[in-house]
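Asker: I am attaching a structure below and will ask some questions about it afterwards.
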Amino acid sequence: MFSFPFSNQDFLEPRCVWVNGPVIVGAGPSGLAAAAGLKEQGVPYVLLERADCIASLWQKRTYDRLKLHLPKQFYHLPKFPFPEHYPEYPNKKQFIDYLESYANHFNIKPQFNECVESAKYDEGCRLWRVKIVSTNGSTRSEVEYICQWLVVATGENVERVMPEIEGLQNFGGEVIHASDYKSGENFRWKNVLVVGCGNSGMEVSLDPCNHDAKPSMVVRSSVHVLPREIRGKSSFELAMLMLKWLPVWLVDKILLFLTWMILGKIEKYSLKRPSVGPLELKNTQRKTPVLDIGALEKRFSFSFSFSFFFFFFFFCSSSCWLMRN
């Protein structure tokens, strides 16, 4: 990697840096795994991260009780399994510690505080031009990286969405996004409305319930809810095993039958299942099934209902959350 020199009249232009390998955007789990793989093959790279730490989403924008929803063997990065003493479902701190150890093990050095403003492929020279803004304290500079390959590892949920809801400005309580939620302790003895029934919404609904709050849930559309485990084995692991020999549609039928045996009919919670099976729905529409970790057991403590809303909206006697589904 080297910089191109410029004459004095070009001092206002961004500094150009040639990268003799890929530019990786994002130092989360995927970005770290890509960097480790390239380093093992002796391929130079540049790893850009707009925050000041690796896995910033995990470190700064997740709630305290968060744990991995799948067993650790499905989450470990290449050639670096979780420590044996870790539980089956590592918690937030353990996962962050694991990622830090991964970066240290492969000597991965991200360039922090470098935010990508644009990435364009130049058809003429067949190169990527990645413009970034780098901040170091009060110092701000612009750099353009030139490379042959670009790896985008920014994650599915990197940007939070705050919808406009008519009349919300007149609500006297607090409105926060899911990424700002940490613990249900602040909502003790309060009424809470959760809008949305994804994995985060289901778990964050359970958290206030465990702190003596009274949560309710509003769900816009149909949703697949599966038990996290079936007779001691992860539902995901069981599905992966069956997919080695059976078609997706048949695996979906078996999963739904086993779910019915464990959870019963979810219609009794005012939830509706999609007509398409959970795995087929994930493959075709990228909608992830919800893994129940105990929220349905609290059915007498909070209620489900359907609405047109798309986002989590927590309505409290003195506070309200707005969360992305």
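The values are calculated or read from the model by the stated rules, or taken from the named source; none is laboratory data. None of the values given here were measured: they were computed from a predicted structure. Backbone-built Cβ (ideal geometry, glycine too); neighbour counts: all protein chains shown.
For (1) touching a residue at least 40 places away in the same chain (Cβ under 8 Å); (2) part of a loop (DSSP other than H, G, I, E, B); (3) at positive phi, each residue gets a yes or a no:
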position	(1), (2), (3)
Val218	yes, no, no
Glu237	yes, no, no
Trp245	no, yes, no
Val251	no, no, no
Ile254	no, no, no
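Asker: Same structure again: Kindly indicate whether any position in the range 232-244 is aromatic (Phe, Trp, Tyr) and modelled with pLDDT of 90 or more.
Answerer: yes
Asker: Let me ask something else. Which of the residues that make up the range 98-145 are of a type outside the set (Asp, Glu), in contact (Cβ under 8 Å) with a residue 40 or more places away in the chain and over 30 Å from Pro81 (Cβ atoms)?
Answerer: Correct list: Asn113, Cys115, Val116, Ala119, Trp128, Val130, Lys131, Ile132, Ser141, Val143, Tyr145.
Asker: OK, next. Return the total of residues in the range 146-167 being free of Cβ contacts under 8 Å to residues at least 12 places away in the same chain and not small (Gly, Ala, Ser).
Answerer: 4
Asker: Now, a different point. Does Leu241 fit the bill of being over 15 Å from Arg273 (Cβ atoms) and part of a helix (DSSP H, G or I)?
Answerer: yes
Asker: Here's something else I'd like to know. Go through Gly264, Gly277 for me and flag whichever is among the small types (Gly, Ala, Ser) and on the phi > 0 side of the Ramachandran plot.
Answerer: Gly264
Asker: Let me ask you something else. Ser183: polar (S, T, N, Q), in contact with a Phe, Trp or Tyr (Cβ under 8 Å, 6 or more places away or on another chain) and under 25 Å from Gln59 (Cβ atoms), yes or no?
Answerer: Considered against the rule, which asks whether it is polar (S, T, N, Q), in contact with a Phe, Trp or Tyr (Cβ under 8 Å, 6 or more places away or on another chain) and under 25 Å from Gln59 (Cβ atoms), Ser183 comes out as yes.
Asker: Right, something else. Can you tell me which residue in the range 116-136 is modelled with the lowest pLDDT, limited to those that are within 28 Å of the chain's Cα centre (by Cα) and either surrounded by fewer than 14 Cβ atoms within 10 Å (Cβ to Cβ) or polar (S, T, N, Q) (or both)?
Answerer: By that ranking, first place goes to Asn136.
Asker: Checking the condition surrounded by 15 or more Cβ atoms within 10 Å (Cβ to Cβ), assigned by TED's automatic domain parsing to the domain that holds Arg129 and more than 29 Å from Arg140 (Cα to Cα), which residue from Pro81, Pro90 passes?
Answerer: Pro90
Quick grid of which residues meet (1) assigned by TED's automatic domain parsing to the domain that holds Ala178; (2) under 15 Å from Phe95 (Cβ atoms); (3) assigned to a helix (DSSP H, G or I); (4) modelled with pLDDT of 95 or more:
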{"position": "Leu12", "(1), (2), (3), (4)": "no, no, no, no"}
{"position": "Ala36", "(1), (2), (3), (4)": "no, no, yes, yes"}
{"position": "Trp58", "(1), (2), (3), (4)": "no, yes, yes, no"}
{"position": "Arg65", "(1), (2), (3), (4)": "no, yes, no, no"}
{"position": "Leu70", "(1), (2), (3), (4)": "no, yes, no, no"}
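Asker: Restricted to the range 137-163, and to residues that are touching a helix residue (DSSP H, G or I) at 6+ places or on another chain (Cβ under 7 Å) and at pLDDT 85 or above, which residue is nearest to Ile176 (Cα to Cα)?
Answerer: So the residue we want is Ala153.
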